[in-house]
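Asks: Take this structure, written in structure tokens, and hold onto it; I'll ask about it next.
What follows is calculated from the coordinates using simple rules that are stated; it is not laboratory data. In this text, all values refer to a predicted model and were calculated from it rather than measured experimentally. All Cβ positions, glycine included, derive from the backbone under ideal geometry; neighbour counts span all protein chains shown.
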Amino acid sequence: MAAGMERSRGGRAGCPRTGKSWWRLAVLLLSVSSLPAASGLVEGLYCGTEVCYDVLGVSREAVKLDIARAYRQLARRYHPDRFRRGEPGYEGETRESAHTKFLLIATAYETLKDEDTRRDYDYMLDHPEEYYQHYYTYYRRQLTPKVDVRIVILVTICAISIFQFYSWHSSYNEAINYLVTVPKYRIQATEIAKQQGLLNRSKEKGKNRRSKEEIREQEEEVIRDIIKTKIDIKGGYQKPNLSDILLCQMVLFPYYLTIYLSWYASWIYRFTLCREEYGEEEKVYLIRRNMKMSQSQFDSLEESSKQTFLEKRLWIKDNYEVHRKQQEEEMKVKMATDPRMKRYRRWMKNEGPGRLTFIDD
């Protein structure tokens with residue numbers, strides 16, 4: 001009896017302790033669940049351990065206008081140029097602390113004024129457990145170039161096109177400078193200049209009289225201009241054309257593609273379906289394709305060589321193969337009989353690289 005009463009007292013005495021433990025656990029869980037943002041704030045991300053909304057004094061539902069208004073008010077108050085120690089509202093503030101607050105206010109505004117950044121920041125507040133994901137998102141956005149990729153590509157293409165045109169222009173000027181020194185072209189240009197009356201040296205008197213050096217420079221310029229006009233340079237040293245640079249080629253690509261497709265369809269219709277005979281232009285194209293030469297390379301050939309190709313009917317694949325083998329055989333015979341090639345082979349055999357000799361004393 002006494003033991004039962006004792007057990008009943010012990011049970012009644014233990015109930016308050018159990019209830020108190022459950023109450024403490026509920027308070028702890030409520031506290032943790034009510035502070036998801038605080039546990040998600042990381043030093044070095046956005047506003048650090050401060051909530052950007054609290055820094056500006058706005059709620060999470062605030063619109064851009066409210067955020068901008070709050071930023072302007074706080075920026076005017078804590079801007080280093082406007083800070084005055086001792087004035088009302090600045091009690092306990094120093095210039096350094098005001099500057100620190102101003103930087104924090106600016107960071108909060110930069111975070112919340114952009115919709116994408118604000119969306120990432122709100123996600124961090126709502127999902128504090130995704131610690132590494134927040135770091136990745138923050139630094140990916142910080143390190144991503146702010147300039148549009150299309151602008152970067154356009155600027156790069158323009159830079160390449162300018163360099164390309166300048167390089168071609170330099171090569172063309174080098175070719176003209178060389179041709180001016182070649183006697184054959186120089187004599188022809190001089191004769192043309194005399195026929196046009198550009199080299200007639202009239203007697204000059206008084207102040208208008210020029211020195212011999214000035215007259216010689218003018219004559220050189222005249223000869224150079226005539227060579228530029230009369231000589232058609234082909235290949236890599238031809239006169240640069242704006243339509244050949246990369247930028248123009250990309251702009252005109254749809255036009256060129258349309259021209260090529262229409263030409264290809266016409267070729268198939270005329271020479272495959274209708275069985276028409278090849279014209280001279282088509283024969284030259286087939287010869288150039290068999291030789292695997294570009295248009296500029298083929299244009300640099302002599303007209304007599306092109307006529308020889310037509311006479312040999314090299315637009316026919318079999319004829320071209322026979323011609324190619326003949327050219328290879330002729331080259332082998334020439335290399336075998338050429339005295340210079342013989343001397344070169346003799347030198348390679350006796351004293352060329354790869355020969356190991358010993359000197360006998």
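Asks: Mind checking which aspartates and glutamates have their Cα closer than 15 Å to the Cα of K212? Skip sequence neighbours fewer than 8 apart in that chain.
Replies: E204, E220, E221
Asks: Give me log10 I(q)/I(0) at q = 0.14, 0.17, 0.20 Å⁻¹ for the range 255-344, Debye formula, one equal scatterer per alpha-carbon, no solvent.
Replies: -0.67, -0.88, -1.08
Asks: Looking at the range 217-279, which trypsin sites (Lys or Arg not before Pro) are in a loop (DSSP not H, G, I, E or B) and have at most 10 other Cβ atoms within 10 Å?
Replies: R275
Asks: The range 102-187: which GluC sites (Glu not before Pro) are DSSP loop and have at most 14 other beta-carbon atoms within 10 angstrom?
Replies: E129, E130
Asks: Please enumerate, by chain and number, the aspartates and glutamates with C-alpha under 17 Å from the C-alpha of K342, excluding those fewer than 8 residues away in the same chain.
Replies: Counting by Cα, and skipping residues close in sequence, K342 has these aspartates and glutamates nearby: E330, E351.
Asks: Let me ask something additional. Which pairs, out of K292/K317; K228/K306; K292/K325; K184/K228; K283/K334, put more than 23 Å between their alpha-carbon atoms?
Replies: K228/K306; K283/K334
Asks: Additional query: May I ask you to compute the full-extension gain from E280 to S59, defined as 0.36 nm times their residue separation minus their alpha-carbon distance, rounded to one decimal in nm?
Replies: 71.4 nm
Asks: Between Q73 and I153, take the C-beta separation as r, use R0 = 45 Å, and let me know the FRET efficiency to the nearest 0.05.
Replies: About 0.60, to the nearest 0.05.
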